[in-house]
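Working notes, structure below.
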Amino acid sequence: MSMNGFIESHTHASMVPYDGFKSMAAKGINKAVSCAIVISARHAESYFDHFRMISGFYRQVAATCGVELFSAVGIHPVGIPDDWTRVIDRLPEFLRDDTVVAIGEVGMNHASPLEKDVLRAQLEVAVNHNVPVIIHTPKENRPHIVDITLNIAVQAGIEPGLLVIDHANLDIIKQINDFGAIPGITVREQNMTPEVLVENLDLFKNGMLNSDYSNIMPNDPVGLIKAVEYMQSRQIDLNIIQEMAGGKAARVYRLPAGVD
Ligand SMILES: [Zn+2]
């Protein structure tokens, strides 16, 4: 049985090779959400140009390959500009674009005072505009950082169902589920493997699969398909697969029903 209409719920379109977009379409991924990241950014303008590059230029490139591209806007913790409050001030303007569907990718690597301030400000924008937020989790000290993140989210007053905690794994899944947030599940060797996912499916089945493609580590632009194919081979209910590989993302990001 073939399935299609998959959604890549977290990628970085400006790093995806042309063949990566072609592979997405060939594997049945016809929509994708690109998360903002400007590594080592020092100027707010770097983010403004990045947002425009994704929602304009790369949306067109993806479309020529058969992938409808949406985007999230926000300040990634790997590049917090000196004048970061200027980005916060203009986020509402970028959110007015119909193809901008979330705040993200935001979050913390070290829970420094600056990272906390930047995260808090972005969660407040999300609450004020009733949009979902995609939260990055770090490589180290993860349960502690997630704990601080969730506390800031409570203070901001975000609805748990609009909070996506990404790179979920066994170490933080209970915190995510107890909060009522949505697990983002990055499928790759150094994050979630298809085997661990299927062994613990009850913990993760409320989540959204993604590949989080970038050029800063070993990566696969269609990594999430490995989980889809492995789940199919293990006779997992097709409704669960379809939900994790697209259905949930379509609702959370309120994506328009597309032509498949
Ligand atoms: Zn990412």
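The values are calculated or read from the model by the stated rules, or taken from the named source; none is laboratory data. Predicted model, so just to flag it, every value in this text is computed and none were measured. In this analysis, Cβ positions are derived from the backbone assuming ideal geometry, glycine residues included, and neighbour counts consider all displayed protein chains. What goes into the accessible areas is simple: the full protein's heavy atoms, side chains included, and nothing from ligands, DNA or RNA. Shrake-Rupley method; radii C 1.70, N 1.55, O 1.52, S 1.80 Å.
Shown in residue order for the stretch 137-142 are the 3J(HN,Hα) couplings computed by the Karplus curve 6.51 cos²θ - 1.76 cosθ + 1.60 at θ = phi - 60°: 10, x, 7, 10, 6, 5 Hz (x for Gly and Pro).
In the chain, the DSSP-assigned H stretches of four residues or longer account for a calculated mean residue ellipticity at 222 nm of -11500 deg cm²/dmol, using -39500 (n - 2.57) per stretch and the full residue count as denominator.
When Rg and the Kirkwood Rh are both derived from Cα coordinates, the Rg/Rh ratio for the stretch 189-251 amounts to 0.96.
Extension gain for the segment Lys139 to Arg96, taken as residue separation times 0.36 nm less the Cα-Cα distance, is 12.2 nm to one decimal. Here the Gaussian network model covers the chain, with springs between Cα atoms less than 10 Å apart; of Ile145, Ile39, Ile29, Ile39 fluctuates the most.
Figure legend: label point modelled 7 angstrom from the Cα of Asp117 along Cα→Cβ; residues of the stretch 70-85 with amide N under 15 Å from it are 80-85.
In the chain, Rg over Rh equals 0.94, where Rg is the alpha-carbon radius of gyration and Rh the Kirkwood radius from pairwise Cα distances. Probing with 1.4 Å while keeping every protein chain in the model, the per residue accessible area of the chain equals 43 Å². Taking amide H as placed 1.01 Å from N in the peptide plane, Ile80 has its amide H under 5 Å from the amide H of Ala41, each at least 5 places away in sequence or on another chain. The mean sequence separation of alpha-carbon pairs under 8 Å and at least six residues apart, normalised by the residue count of the stretch 6-252, gives a relative contact order of 19 percent. Here the accessible area of the stretch 121-260 is 50 percent carbon and sulfur, with a 1.4 angstrom probe and all protein chains present.
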